Amino acid sequence: MKTLKLKPGKEKSLLRRHPWVFDGAVAKGGGDPGETVRIESAEGQFLAWGAVSPTSKIRARVWSFDESQRIDAHFFKATLSLAISARTFFDIKSNGVRLVHGESDGLPGLVVDRYGDTLVAQFLSCGTERWKQTIADALLALTGLSRLYERSDASVRELEGLPRVTGWLRGEGPTTVVLQEHGWQLALDMAEGHKTGFYLDQRDNRQAFFEAARHGRWQQVLNCFCYTGGFTVAALAGMRAQAPHADGPAEQGHVTSIDSSGPALEQGRANAALNGFEAHQTTWLDADVNTSLRQFHREGRRFDAIVLDPPKLAPTAAHAERAARAYKDLNRWGFKLLNPGGMLFTYSCSGGIGVELFQKIVASAALEAGVDAFITHRLGGAPDHPVGLPFPEGEYLKGLVVVRRC
Ligand code: SAH
């Protein structure tokens, strides 16, 4: 068994069970890509079993902190089994479920989503790459499914020295599937879509948006960074489900959705139709959100609800300052375009921006826009995207529901 010896004092994060070893902490040793090594302190004390990534700044990722644990097929099956059974603790209102969420499930670099009767996996580290076939076999055995599609084409694979790989790993068939989420349907393509095809992490936040639309008597809704229109469909469904008011019939409402991805917008349009909404209820704009918001402001357009769900602007804390400016700018325009009484659903999926900082950014944005507002909900990722206690980076998705008072 090869070892990876740390420099003096560099064992602290591992003693707190954080699963990463950075290259700067390593004194000597290592192994082949993905090989399991014994990670030990400068004094030779056992710290963990981990997989080596020889070319990455994250030089090793921990499989286990238990010295008696053997890293073998049995280990992967047991760990995957625990992850999969944890998803049954909750009533997840969808047939799209994240079964494995990387570090937080004890499997650094592995993401597995289930879409109906198909699994989609991302193997993002040398360790998961090395154990790919073992993991694939265990996943099929544990779920009873026969189809597993691989989407190992994320850019982080390059940092690991791994090529991009996509295609069927087990079985074959169509790569499109229609998810039944809450009360609506959303089609996706696991071969072509972003990540594994869909943003499951926003599932419960789409439900919150639906509820607000049901009660809010909204007429004009704006969904920025709409991807395939998940929040758009939720809003339309909410407006359709409005109870008739004493002073008039339910509003039909209109949703404007913006994204810079043509294929995503096409899918969004199809998703609205799939749920029985008429073309005149939606507008789909292939545009840059920042430009559109300014243009809407010039045109005097205003909205009753706005979603801001930009891509990750700060992957790590090092990018936080520049990203903070971008988030503030975006939210400032959001507030300016909101009618008094309107609701802003604003998100950050940046690991480098914490909950407190995000709230400060949104508060500054409101101040600069000259509006008074209050927070009604603090949102996060759905429960199938857990956050490992020793791994705060896992809490990447945070959201605020903010009502413009005046
Ligand atoms: N809210 C979506 C997920 C959004 S992911 C959902 O619930 O499914 C972020 C989206 O922002 C991606 O679809 C990406 O294509 C889009 N995007 C990135 N930069 C953009 C920009 N400058 N203007 C418009 N869209 C952008």
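The values are calculated or read from the model by the stated rules, or taken from the named source; none is laboratory data. Just so it is clear, the structure is predicted and the values come from calculations on it, not from any experiment. Here the Cβ is made from the backbone with ideal geometry for all residues, glycine too, and neighbour counts use every protein chain on show. Please note that ligands, DNA and RNA were not included when accessible areas were found on the heavy atoms of the full protein model with its side chains. Shrake-Rupley method; radii C 1.70, N 1.55, O 1.52, S 1.80 Å.
Points worth noting:
- Antiparallel DSSP beta bridges within the chain, percent to nearest 5: 70 percent
- Degrees, to the nearest 10: 230-240 long Cα axis against longest axis of the chain: 40 degrees
- In the chain, the longest principal axis of the Cα atoms and the axis of helix 262-274 are about 60 degrees apart.
- The orientation-averaged shadow of the Cα convex hull for segment 161-204, equal to a quarter of the hull surface, comes to 4.3 nm².
- Cα-based equivalent ellipsoid of segment 280-406: semi-axis lengths in Å, sorted from largest, via gyration tensor: 25, 15, 15
- Placing unit charges on each Cβ (+1 for Lys and Arg, -1 for Asp and Glu) gives segment 167-298 a dipole about its Cα centre, and among GLN267, GLN252, TRP184 the Cα reaching farthest toward its positive end belongs to GLN252.
- Note on segment 140-185: dipole from Cβ charges, positive end direction compared against ALA141, PRO174, LEU159; the farthest Cα belongs to ALA141.
- Distance between the modelled labels on GLN69 and LYS2, one decimal in nanometres: 2.1 nm (7 Å Cα→Cβ projection).
- The phi torsions of segment 359-371, fed into the Karplus equation with coefficients 6.51, -1.76 and 1.60 and a -60° offset, translate into couplings of 4, 4, 4, 5, 5, 5, 4, 5, 4, 5, 7, x, 10 Hz, rounded to whole numbers, with Gly and Pro shown as x.
- Over segment 170-253, the pair-distance histogram of Cα-Cα distances with 5 Å bins from zero comes to 3, 14, 23, 20, 15, 10, 7, 4, 2, 1, 0, 0 percent, rounded to whole numbers.
- Every helix of 4 or more DSSP H residues in the chain counts as -39500 (n - 2.57), and over all residues that averages to -9000 deg cm²/dmol at 222 nm.
- The Rg/Rh ratio of segment 126-208, with Rg taken over Cα atoms and Rh as the Kirkwood radius over Cα pairs, comes to 1.01.
- Counting only alpha carbon atoms, the long axis of helix 320-336 and the longest principal axis of the chain meet at about 20°.
- Of all DSSP beta bridges in segment 184-343, antiparallel share, percent nearest 5: 5 percent
- Cα pair count fraction exceeding 17 Å, expressed as % - segment 316-356: 36 percent
- As a ratio to 2.2 N^0.38 Å, the alpha-carbon radius of gyration computed for segment 63-135 takes the value 1.12.
- Accessible surface ranking that places the most exposed of SER146, SER364 first, with a 1.4 angstrom probe: SER146, SER364
- Cα-derived Rg to Rh of segment 107-251, Kirkwood definition: 1.11
- 5 Å binning of all Cα-Cα separations within segment 156-315, expressed as whole percents from 0 upward: 2, 8, 17, 19, 19, 14, 9, 6, 3, 2, 1, 0, 0
- Column: log10 I(q)/I(0), Debye, Cα scatterers of segment 1-87, q = 0.23, 0.26 Å⁻¹: -1.09, -1.31
- Neighbourhood net charge (11 Å Cβ-Cβ; Lys/Arg +1, Asp/Glu -1) for ASP288: -1
- Between ARG16 and GLU356, the FRET efficiency estimated from the beta carbon spacing at R0 = 25 angstrom works out to 0.75.
- Net charge over other residues, Cβ less than 9 angstrom from the Cβ of ASN339 (K, R count +1; D, E count -1): +1
- Each DSSP beta bridge with both residues in segment 1-69 is either parallel or antiparallel, and the antiparallel ones are about 85%.
- Using distinct alpha-carbon pairs, which all enter the 1/r mean, Kirkwood radius of segment 73-183 in Å: 14.3 Å
- Diffusion constant of segment 99-164 at 37 °C, which comes from Stokes-Einstein with the Kirkwood Cα-pair radius and 0.692 mPa s, µm²/s: 275 µm²/s
- Stretch gain in nm, segment GLN295-TRP168, where the contour uses 0.36 nm per residue and the Cα spacing is subtracted: 41.3 nm
- Calculated accessible area for the chain comes out at 43 Å² per residue, all protein chains present (probe 1.4 Å; ligands, DNA, RNA ignored).
- Equivalent ellipsoid of segment 15-145: semi-axes from √(5λ) of the C-alpha gyration tensor, largest first, are 29, 14, 13 Å.
- Expressed as a whole percent, the proportion of Cα-Cα pairs in segment 254-295 lying more than 14 Å apart is 47%.
- For the chain, the share of alpha carbon pairs falling in successive 20 Å distance bins from zero is 26, 53, 20, 1 percent.
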